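None of the figures in this text is laboratory data; all of them are computed from the coordinates on show. Because the structure is predicted, anything quoted here is derived from the model rather than measured. Here the Cβ positions follow ideal geometry from the backbone for every residue, glycine too, while neighbour counts run over all protein chains shown.
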Amino acid sequence: MEICPKKGQIFVITAPSGTGKTTIIDIVRKNIGGVGYCISHTTRRPRKGEVNGLHYYFVDRAEFERMIEAHEFVEWALVYDQLYGTSISSINRELFSAKDLLMDLDIQGAKEIKRRFPECRSIFILPPSMEILKERLKKRSTDKGVDIDLRMKEAVEEIQGCRDYDFIVLNDDLNQAAREIEAIIIAQRSYRERRLPLVQRLFHL
Ligand code: ADP
Ligand code: 5GP
């Protein structure tokens, strides 16, 4: 399957697990219209409150491996011992309809999407400290202790990767962090290349 010629701007969002990505993405999508979300496939189990087909497509390893073999993913990665991937059909579903598309990806996925779509914008969300990150992971408390330790270990390495991102947002105050990401998305809508069709329509230039 081919990736559709795209219309919307892609925003890749990365943060160490527990930083608040999912919470922020929910707020941003409620506050500004026209923002689609690319639903990934994963082999991890759903957390309390997560809905299949809304937060993720939850599949078993055999199905995930079948999709890899069938080249159904734009990118996929092993993250915290589980498989995560963006399917071509998931991207296509959103790219044509939404003005903008948010993708929640780990560092490996973000690199691959940036390689395939160099004009995409990447945003890294930082936790205020490692202590607060651990507290947030515990607060979510649907991951077993061992999983929390693994995520904390990987967080240090992930944070080092923030230098490769276009924007870095600190999630201390939740609403402030969401506002910053909304501002990034809204500002990109005025980017010259995206405004030229409007100029042409209004002034026939
Ligand atoms: P992620 O998607 O990055 O793994 P979540 O969005 O699931 O993280 O957030 C992890 C936990 O931290 C949740 O319980 C969420 O309510 C909480 N949280 C997120 N942002 C903040 C914040 N700015 N202040 C306090 N708690 C927060
Ligand atoms: P969680 O299990 O906390 O929802 O996500 C764990 C990690 O997997 C996060 O860093 C998240 O960004 C990443 N992730 C979620 N979906 C995908 C995907 O489709 N591809 C890649 N590469 N990473 C993903």
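For residue 125, the amide hydrogen comes within under 5 Å of the amide hydrogens of 14, 15, 169, counting only partners 5 or more places away or on other chains and with H modelled in the peptide plane.
Ordered by the count of other Cβ atoms within 10 Å of each Cβ, fewest first, 124, 167 give 167, 124. Cα-Cα over 18 Å: which of 111/153; 21/139; 48/139; 48/111? Violating the 18 Å Cα-Cα cut-off are 111/153; 48/111.
Cβ-to-Cβ counts within 10 Å put 119, 69, 112, 75 in ascending order as 69, 119, 112, 75, the fewest first.
Within the P(r) computed for the chain, what percentage of the Cα pairs occupies the region above 25 Å? Write down the numbers at each step before the final one.
Numbers: 8007 of 20910 pairs.
Percentage above 25 Å: 38.
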